[in-house]
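So the structure is just underneath, and the comments pick up after that.
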There are 2 protein chains.
Amino acid sequence: MKGKRVTIYDLATALGISASYVSRALNDHPSISDKMKSLVKAKAAELNYKHNSHAANLRRGSSRTIGVIVPKINENFFAQAIAGIEEVCAANDHSLIICQSDESFKKEQIAVETLISKNVDCILISVSLETKTSGHLQEILQHHIRLVQFDRYLRDIESFIVTNDNRRSAYDATWHLINQGYQRIAFFGGPDHIAIFKDRKEGFLDAMREARLPVPYDFVVENALSKEAGARIASQLLELKEPPQAVFAASDYGALGAMQASRLRNIKMPGELGLIGFANEEFTELIQPALSTVDQKSKELGRCAANVYFTKLLDKKITEKPSVQIIDSEIIIRESSSVAIQQNMTHS
Amino acid sequence: MKGKRVTIYDLATALGISASYVSRALNDHPSISDKMKSLVKAKAAELNYKHNSHAANLRRGSSRTIGVIVPKINENFFAQAIAGIEEVCAANDHSLIICQSDESFKKEQIAVETLISKNVDCILISVSLETKTSGHLQEILQHHIRLVQFDRYLRDIESFIVTNDNRRSAYDATWHLINQGYQRIAFFGGPDHIAIFKDRKEGFLDAMREARLPVPYDFVVENALSKEAGARIASQLLELKEPPQAVFAASDYGALGAMQASRLRNIKMPGELGLIGFANEEFTELIQPALSTVDQKSKELGRCAANVYFTKLLDKKITEKPSVQIIDSEIIIRESSSVAIQQNMTHS
DNA sequence: CTGAAAGCGCTTACAG
DNA sequence: CTGAAAGCGCTTACAG
């Protein structure tokens, strides 16, 4: 069905030289003169030659390809991270295979299998919410494929990690709420087995403890990352005799759900309920009231994750001890948590 | 640096059979008994064997991989389309390489080169805004790679196309505005060289003509797809002595810009300015007023695009004449264009 | 049902 | 600087 592909042998014949020579010319090997390089490349273009990366990879044993696995490509956080990764890969002449786990452990495992069989040189992963064990990541290492975890990571495996200082950001976000005068503050978090969510919870508790504010048992919620969960749980809490005065959500979507639940009850924001999220999703500055949040510098985070491979792992036989790299995040204060800003808005 | 990989020869030796047999067992060849298949597979798992897709692809001449090129993976429309494509590919045991052109013609060309050298069997593309010529798409065909265009397509190349009836949707959206009583209606569109934008403009003009409403020359704008462009142009138009009473934007982002510009001027929506966008982006139902829009059923669109390959192109020597497949879209009416809805909202 | 052998298109030591 | 040759790991006609 397919026509015969033009190979380096065809180029060699056409030019009256050997295939090895052609290969070297095409790959900019230093032994070849610039004149010959351009001659060969011109002929390649003329005959519509296309490099066959599968053959090269098979022979070379490396694919110059990086695989990335993220939970959702359409969440702005991950899309930005991918953009950063892509930028660095392109600059280093590597290509990129993007996989989506869709927050499913099963799909994540399949993605790992696929990337291994595609012989990628490195896998950058941000694990799914369902991921509790690292067996599949261990397998990556067994196949001598480099591994970098970013944002959401597992602790029980040796790998470089690029993430934010989640505990610190959560601490700061919580203190921001406290400084606004809120006292009964609830935390909408994620599963404890993923370090960033545990860290955000700890940061929240650190601040509350330091401020000597009570944290009722049911104000700390473990699975409130989605809009639906956020809305459901906020609805419950807002029915209490002593409902929360503010919510710090470890996810913008959880915060969005809380906002919708409070709107249904005509609860004024930020007057009666303060709210801050996490991730700086696109919608956070578009909704009303605009949602305070934590900007994780996701594009920079993606850049760094990719750079870990290019600067610390590529071509290195003995790897330095895996380290954790921290990307600075930034608290963004908008109307949803700031009485001061809100008043300005109203008066303008 | 890498340890030796386990190959089918290792499995063959371990099992006392031939490599050919192993290969067939692993690939579920009908000549092999179920018992032997599971025996071989068990051994493969035990020895941690992983299929090398590069070797297989090189030998087979096909990669069982589909490439997809979209302008932006983080626009909800494309993310949804990719989700649909992924679903169909997974069901057909094909893997997916996702490339992002970032609305740049140059990047799109590079993506095409990459996908060709990766030997993908098919490329699904939605072209960038800058794409005016189809030379690079022609090259795909020359390499005997199948081509399907979806959503944004070029007309001067023979390929299957999966898209919405953009002219009809635009016509309906415009009539919706007309029926709400708006008369001076502006159109925020995209470049004419991309068919869908031309179609949306035509649909708008069809409706205006039919309603015998005048369309001032400067009410039809060609490059107002982004939030920034939408805001800039809306600002200009709203300064006119006879400003538009409504805007139909061919992009939700353009509509968002218009909304922000009108808010700055304290123009009431939908009372003083009606607005409808296109694509049903995530933010459209979250902002206030909620933005009317056209839902393009993007996930279904992605599914169909992938299915064109699996049902009409895969393993077919003589291809049927390329056709255009239409995915039904749906007008979603929200507050931004509907006085009736708005009043209900206010009174509730 | 089973195996020996060829070959996909490249890269890279090795030799000159 | 240049080339002949081996081999990456698989699949698949071909033969039995």
Out of all the residues in the range A:27-76, which are more than 11 Å from every other protein chain (Cβ to nearest Cβ), within 13 Å of DNA strand D (Cβ to nearest atom) and buried (at least 17 other Cβ atoms within 10 Å of the Cβ)? A:ILE32, A:VAL40
Before we move on, is B:LYS106 surrounded by fewer than 23 Cβ atoms within 10 Å (Cβ to Cβ), among the basic types (Lys, Arg) and touching a strand residue (DSSP E or B) at 6+ places or on another chain (Cβ under 7 Å)? no
Could you grab me the full set of residues in the range A:77-99 that are under 12 Å from A:VAL120 (Cα atoms) and more than 7 Å from chain B (Cβ to nearest Cβ)? A:HIS94, A:LEU96
Which condition number in (1) more than 30 Å from A:GLY254 (Cα to Cα); (2) in contact with a His (Cβ under 6 Å, 6 or more places away or on another chain) is the one that A:GLN109 fails? (1)
Please verify whether B:ASP218 is acidic (Asp, Glu), assigned to a helix (DSSP H, G or I) and in contact (Cβ under 8 Å) with a residue 24 or more places away in the chain, treating the condition exactly as stated. no
Screening B:ALA45, B:ALA56 for residues that are small (Gly, Ala, Ser), within 17 Å of A:ASN119 (Cβ to Cβ), more than 8 Å from DNA strand C (Cβ to nearest atom) and under 40 Å from the mean Cα position of the chain (by Cα) leaves only B:ALA56
Which numbered condition A:ALA56 fails, given (1) out of contact with any helix residue (DSSP H, G or I) (no Cβ under 6 Å at 6 or more places or on another chain); (2) closer than 29 Å to A:ASN307 by Cβ; (3) in contact (Cβ under 8 Å) with a residue 12 or more places away in the chain: (3)
Filter result (more than 8 Å from DNA strand D (Cβ to nearest atom), aliphatic (A, V, I, L, M) and either loosely packed, with under 14 Cβ neighbours inside 10 Å or over 29 Å from B:ARG64 (Cα atoms) (or both)) within the range A:9-21: A:ALA14, A:LEU15
Quick check on the range B:247-300: of everything there that is among the hydroxyl-bearing types (Ser, Thr, Tyr) and within 11 Å of another protein chain (Cβ to nearest Cβ), which residue is nearest to the chain's Cα centre (by Cα)? B:SER298
If you go through the range A:1-26 one residue at a time, how many are within 12 Å of DNA strand C (Cβ to nearest atom), within 14 Å of chain B (Cβ to nearest Cβ) and assigned to a loop (DSSP other than H, G, I, E, B)? 6
Does the range B:63-85 contain any residue that is within 16 Å of DNA strand C (Cβ to nearest atom), in contact (Cβ under 8 Å) with a residue 24 or more places away in the chain and not in a strand (DSSP E or B)? yes
So, in the range B:100-122, how many residues would count as being under 15 Å from the mean Cα position of the chain (by Cα) and more than 13 Å from chain A (Cβ to nearest Cβ)? 1
Might you let me know whether the range A:311-322 holds any residue that is away from every other protein chain (no Cβ under 14 Å) and part of a helix (DSSP H, G or I)? yes
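None of the figures in this text is laboratory data; all of them are computed from the coordinates on show. Keep in mind it's a predicted model, so treat the numbers as computed, not measured. All Cβ positions, even for glycine, are placed from backbone atoms using ideal geometry, and neighbour counts span all protein chains on display.
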